[in-house]
Amino acid sequence: MELQKCLSCGLLVICTLTAQLGGCTTERATATATATSPVSNNSPSLPDGSMTRGEFANTLQQHFSLQAPLRPMTFVDIASTDPNLAAIQAAAPYMNGQIFCPGCVLVRSFDKDQPVSRALASVAVVRIMAARGQLQIASAAEADKVLAGTDAGQVLPALARRFIATAVSHSILTSSDPHLLRVDRPMLRSDLSKTLSHLPVAPQQPRQPTS
Amino acid sequence: MSIALRLVIIGLILCVPGGLVLGQTPCDPGSTCDVTDNSGSIMRAPTRVFLIFWLPPGFHYDTSRADGDTNYQSLMSQFFTDLSGTSYYNILTQYPSPCGSTGATTQSCFGDVQVTSLGVDTSAYTQFNAADDGSAAHPLQDSDIQQEVLKVSQVNSITPDLDSEFFVFTGRGVQECVPSMNCTDAGSVMFCAYHSSTATSAGKTVLYAFMPAVNALLGCRSVSTSPNNQVAADDEIEVMSHEFFESVSDPQGSGWFNDDLANLGMPSEIGDLCNFQTGSVRSDGSNVTLNGNHYLVQEQWSNDDADCVLQSSTNLAGPTIQFKLTTADDDLRGNSSLTAQLATQDLATFESLTLKTADQTSWESSSVRSRVFHYFSAPTATPLAEATLELTSHDGPFQRNDHWNLSVVHITLRNADGTTTCENDTRSPNGSLTLLATLTDGVPFAMTTPECLPQPAAQGEQIACSVFGDSYENPSPQSPSGAVFINGHTQACLPGNGTSGNCARWFGRCSTVTTASPVTFHVFDDGYTNESQSTKDAVYINSSGQACLPDGSATGLCRKWFGRGTTGDGRSVSCTVFDDQNSDPGFASDAIYVNKGLGWQSCEPNGGSTGLCRKWFGLCTAQPGSPASASSGGSSSTGSGKNNSHVVSCSPNQHCCESNNAGQCTQCLSNSQECR
């Protein structure tokens with residue numbers, strides 16, 4: 001019974017197990033990240049295509065087994081019948097862009113068909129891992145060091161710099177040219193798959209009751 | 001373990017319907033996300049709002065009605081006019097901050113909102129940058145908005161200050177980016193409006209908000225039924241309420257917001273935490289009535305209510321008590337409740353307050369929570385002597401009673417006018433974040449609040465000081481005084497000569513009133529570091545607010561603090577700070593600094609980041625008792641004689657055992673003792 005449920009979770013679970021055994025290749029992970037996304041795209045899911053915000057939300061939810069927040073957010077462009085609703089609501093808190101736009105009133109639309117930027121995608125992953133205690137956010141001084149000489153050096157608000165630096169340090173945000181992080185560019189599906197393939201996905205142990 | 005068995009087990013773990021909680025979503029919109037005071041400024045009353053309608057020919061705010069543009073402008077102005085003194089605006093009273101020369105305050109920071117419409121500026125959007133026409137292809141940039149604000153404020157001869165904000169409204173369909181990643185209709189992050197700050201060429205901070213016509217932006221609309229028969233304007237007001245409340249409570253990103261890092265950089269200001277939440281909407285589309293007019297506004301985060309609200313449940317009209325509690329390394333669990341019992345000096349409990357209910361989410365470790373309550377009487381009429389915190393566990397299945405580690409309790413009592421009556425800081429002597437107490441069921445934590453009890457009258461000998469120019473010339477014609485304030489020209493002023501006082505560069509030549517013993521002071525930095533080698537009888541405040549002693553150089557020896565004064569016969573000197581008519585006095589302190597950023601107020605240490613600040617310093621006294629000598633055998637600086645750098649001369653029944661470079665005695669022993 002439980003095994004059936006497990007298999008119904010999709011390829012990602014299998015891949016996860018394989019990864020633990022050291023057998024999950026990048027190509028397999030790429031296929032997994034796209035195959036498990038129920039978002040229907042107008043354009044084909046090319047390996048090097050831009051990942052949409054909707055796809056990204058689904059990938060995040062599945063890869064990290066995200067739960068719905070206590071009070072799920074609603075979006076004017078996501079209907080209650082939308083098949084992506086649960087994934088979007090689970091991922092939305094981590095995809096919040098306030099860090100890049102301090103002082104802003106952010107839009108109340110999710111814009112699921114818009115590409116997700118490399119900045120926002122990598123910060124979302126950093127947030128999830130930080131919330132699980134799997135990494136620590138870089139200090140301002142560490143961020144200065146990591147981002148020195150990069151194209152992200154001056155364009156990001158102070159707090160966002162620390163998160164982006166954390167992403168770079170943990171190979172969550174990668175680039176063939178270390179000086180060109182291109183944080184404002186869309187995240188490519190292949191890049192995200194490579195990133196997720198080396199990140200831990202195993203669930204944490206149940207938390208001990210706090211004293 | 002076989003691979004198949006591991007697969008089954010992992011399947012069991014991963015595929016439980018609903019999934020496992022792998023870590024609490026940090027401060028998601030349903031959580032308690034209290035904002036905390038980051039010691040920066042807030043906007044004070046009267047808060048001035050200037051409206052700039054930047055509308056070149058061909059652009060409009062609303063074409064759905066003939067008077068669309070003018071009605072739109074009128075409603076923006078009317079909203080701010082109606083905001084003053086409303087229960088909606090009073091949500092902000094729980095987020096106080098030091099408020100200038102009249103002292104720290106809660107309510108008096110918030111009062112009138114004064115709005116001025118600066119009319120329509122028909123200049124082209126390309127006036128500052130020919131490439132920025134506001135189209136999607138060539139959006140305006142933040143720099144265009146900043147230049148518009150500076151231009152219009154200059155044209156209207158408005159001197160910007162930290163209590164004033166300029167709102168710039170652009171026409172329908174105009175796009176803007178800040179910086180290139182964030183735009184109104186595209187980019188990595190899309191926004192509806194923002195508040196920010198810039199500076200004049202003279203370096204003066206200018207607060208402003210960019211307000212595009214949000215009704216034209218799909219993700220920025222909130223109105224279904226328009227309470228003012230103009231959807232575009234009502235949409236704008238909803239977003240504007242978000243920005244204005246954030247501007248008041250956090251104008252420069254250093255005021256009230258929740259800890260960005262603990263919150264993983266997610267929404268943090270009081271508007272962000274309730275973005276586009278409007279609560280219960282009436283049939284006419286409004287959710288509040290302000291000064292008789294109906295509006296749809298955004299809810300704001302309330303620490304008092306641990307929720308987004310349209311008015312705070314706490315009646316803050318009148319005296320208040322604020323608890324600011326810092327959790328150490330063990331959280332206060334979500335299903336635990338916390339109360340505070342307040343008692344008078346005879347330990348009669350007179351009020352019980354609920355700081356946290358069992359249905360509010362946990363107070364995480366190393367976090368700060370602030371709670372403000374109505375205090376049932378004037379704090380001076382019913383002085384607070386003791387507060388007892390009591391935790392009650394409401395255990396769930398398999399849970400044991402909660403334990404909560406507390407590191408700091410900071411209590412502030414304020415009068416009805418918002419002035420601070422007392423601040424009492426209780427923390428471990430080992431440091432601010434070390435354990436103060438562990439609370440669990442049946443183990444409450446009681447703390448005394450000595451700072452809130454009537455202070456015993458000073459028993460020491462009073463001290464009076466003079467002011468004078470360089471080389472002690474041109475002393476004030478007034479008699480020496482026990483009160484000095486520093487004016488905006490860094491002069492020291494004694495009472496008299498109207499409100500300006502009798503002022504000169506230096507203050508000093510202080511002496512005890514009865515015995516005429518001269519008083520001299522040290523200067524030093526935080527923690528009494530870098531203390532001057534010797535004391536001097538004259539001090540001046542430099543343009544940075546430092547206290548300087550004459551040392552033969554042009555600038556003198558300058559440090560943050562002055563104090564650790566001593567009389568000629570070796571008594572230690574303490575002073576305090578206070579406001580006009582000796583009101584709101586602080587406590588006896590051996591250290592005072594002048595806070596340039598707070599209008600040159602004098603401040604004494606109270607555990608907070610700025611200290612307790614008032615207009616005047618003085619009421620200095622020389623402590624009673626025999627002059628300092630080694631005979632006391634204590635460990636204080638004037639007791640052991642081993643590190644006594646504050647003694648200038650010994651009393652007649654003493655002799656000097658050690659002198660400093662200035663020839664002043666630094667170690668006195670009684671005549672019956674021999675120097676070591």
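Each reported figure results from applying straightforward, stated rules to the coordinates on display, with no laboratory input. Only a predicted model underlies this, so the values are computations on that prediction, with no experimental measurement involved. Note that each Cβ is placed from the backbone with ideal geometry, even for glycine, and that neighbours are counted across all protein chains shown.
Dipole check for the stretch B:443-586: with +1 at the C-beta of Lys and Arg, -1 at the C-beta of Asp and Glu, and the Cα centre as origin, the magnitude is about 160 Debye. If you wrap the stretch B:509-613 in the convex hull of its Cα atoms and look at it from every side, the mean projected area works out to 7.3 nm².
Quick note on the stretch B:120-238: its Rg to Rh ratio, both from C-alpha atoms and Rh being the Kirkwood radius, is 0.98. If one puts a single equal scatterer on every Cα of the stretch A:76-211 and applies the Debye formula without solvent, what log₁₀ I(q)/I(0) results at q = 0.09, 0.19, 0.20 Å⁻¹? Values, matching the q order: -0.30, -1.19, -1.28.
Among the listed pairs B:K324/B:K615; A:K145/B:K560; B:K560/B:K615; B:K151/B:K204; B:K204/B:K596, which are separated by more than 23 Å between their Cα atoms? Going by Cα-Cα distance, B:K324/B:K615; A:K145/B:K560 fall outside the 23 Å limit. Net charge in the neighbourhood of B:G563 (other residues with Cβ under 9 Å of its Cβ; Lys, Arg +1, Asp, Glu -1) is -1. For the stretch A:53-147, the Kirkwood hydrodynamic radius from C-alpha pairs, put into Stokes-Einstein at 20 °C and a viscosity of 1.002 mPa s, yields a diffusion coefficient of 150 µm² per second.
Our summary gives the stretch B:149-258 a relative contact order of 24 percent, counting only alpha carbon pairs under 8 angstrom and 6 or more residues apart. For the stretch B:156-240, applying the loop criterion from DSSP together with a ceiling of 11 other beta carbons within 10 Å to the GluC sites (Glu not before Pro) yields no site. Please report the net charge: other residues with Cβ closer than 12 Å to the Cβ of B:L55, K and R +1, D and E -1. Once positives and negatives cancel, what remains is -3. Taking Lys and Arg as +1 and Asp and Glu as -1, the other residues whose beta-carbon sits under 12 Å from that of B:T440 total -3.
The mean number of Cβ atoms from other chains found within 10 Å of a Cβ in peptide B:268-277 is 4, as a whole number.
All distinct Cα pairs of the stretch B:502-546 go into the 1/r average, and the inverse of that average, the Kirkwood radius, is 12.1 Å.
Inter-chain Cβ neighbour count for B:215-227, averaged per residue, equals 2 (cutoff 10 Å, partner chain atoms only). The distance separating the Cα centre of the stretch B:240-271 from that of the stretch A:154-183 comes to 24 Å.
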